[in-house]
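Trainee: This is the structure I have questions about; it appears just below.
The values are calculated or read from the model by the stated rules, or taken from the named source; none is laboratory data. None of the values given here were measured: they were computed from a predicted structure. As a convention, Cβ positions derive from the backbone with ideal geometry for all residues, glycine included, and neighbour counts pool all protein chains shown. Protein only, heavy atoms only, side chains kept; ligands, DNA and RNA dropped before computing areas. Shrake-Rupley method; radii C 1.70, N 1.55, O 1.52, S 1.80 Å.
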Amino acid sequence: NDFDFIKNLLYLNKALLAGGSILNCYINNFNDSVAYMNDIDMYINQKDLLEIVNILRMNGYYAYKSVLASEYDESFFRKNNILSHILFRKSITIDGIVSYKIVIDLIVVSDDVKLLDVVKNFDLTICQIWYNGISVNATHFSNIDNRHGSLQPDYHREFMKNNKFLLTRIDKYKKRGFKIDVPVPVPVPVITEKVTVTNKKPISDRIWVF
C-alpha cells in the first residue's frame, strides 16, 4: 500500500516527513495512516531530487504545481536554504471510483543543510515532529502529549506584527484542541503628568554651533 511505499522511500533516501501530517498520525495512534497523511510535507536534499521524483512517478504520482512561497514562507525558505516546493498528487480509486487523493509537498533543501535542522526551525513546538520511515521523533513530545505548545522565539516579532499567516496557523491548532503559548504585548506607560510652560528667560543666550 501507499503507506509502506512512503516508509521505504523515506528510509532508502534519508528523507523526512515532518509537521502537521505526522502530528495528526501521532495523536491518532497511526490508525488509518494514509487518511491522516493525505497532505504530506516531505523534506529531501537536492542530491536526491531526481531519484525521488522518478520513484514517485513510477508509483502513480505526478507533479501538478510548483508553489511560490508567501512572504512568511519566503523568510523561512531563505533561512533554511529551501530551493523549491513541488506538489505531487495521486488519486486512490476503490471499485473504479476516486475515493481520495494523496498529496505530497516535496520540499527540496540545499545539500549543505541538514533536514533535521529545518524541522527544528518550525514555528510551533508541537509541529517539530518527524518520521524517517522507521520511527517518529520530536523536539517536544511532552508539548504534543499534553496538547500544550508554544511559539518559538524566532517568530515572536512576526506575531507581534499580527502576521496573518502565523495567526491563522495558531488558530488552526487551537481549533484542534491545542493550547499555544504566545508572547504577551508589554503595555506602554502613558504619561499623565501635566507640563507647565513658562516664559522664563533661558539660562544663556549663547548659540552653540557644532
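Trainee: Within segment 41-66, can you find the residues that are of a type in the set (A, V, I, L, M) and either over 23 Å from ILE22 (Cβ atoms) or exposed (fewer than 14 other Cβ atoms within 10 Å of the Cβ) (or both)?
Mentor: Result: LEU50, MET58.
Trainee: Within segment 108-131, track down each residue that is in contact (Cβ under 8 Å) with a residue 40 or more places away in the chain and open to solvent by 50 Å² or more (accessible area, probe 1.4 Å).
Mentor: Once the filter is applied, which keeps residues that are in contact (Cβ under 8 Å) with a residue 40 or more places away in the chain and open to solvent by 50 Å² or more (accessible area, probe 1.4 Å), segment 108-131 yields ASP111, LEU116.
Trainee: Additional query: Give me the pairs, please: first residue somewhere in segment 55-80 and within 21 Å of VAL113 (Cα to Cα) and among the basic types (Lys, Arg), second residue anywhere and modelled with pLDDT of 90 or more and open to solvent by less than 50 Å² (accessible area, probe 1.4 Å), beta-carbon distance under 7 Å, and either six or more positions apart or on two chains.
Mentor: Every condition considered, the pairs that remain are LYS79/ASN121.
Trainee: Has segment 22-38 got at least one residue that is closer than 25 Å to ASP112 by Cβ, modelled with pLDDT of 95 or more and either buried (at least 21 other Cβ atoms within 10 Å of the Cβ) or over 17 Å from the mean Cα position of the chain (by Cα) (or both)?
Mentor: no
Trainee: Assess whether PRO153 counts as being exposed (fewer than 10 other Cβ atoms within 10 Å of the Cβ), at pLDDT 65 or above and either farther than 25 Å from ASP123 by Cβ or aromatic (Phe, Trp, Tyr) (or both).
Mentor: Taking the combined requirement at face value, the residue does not satisfy it.
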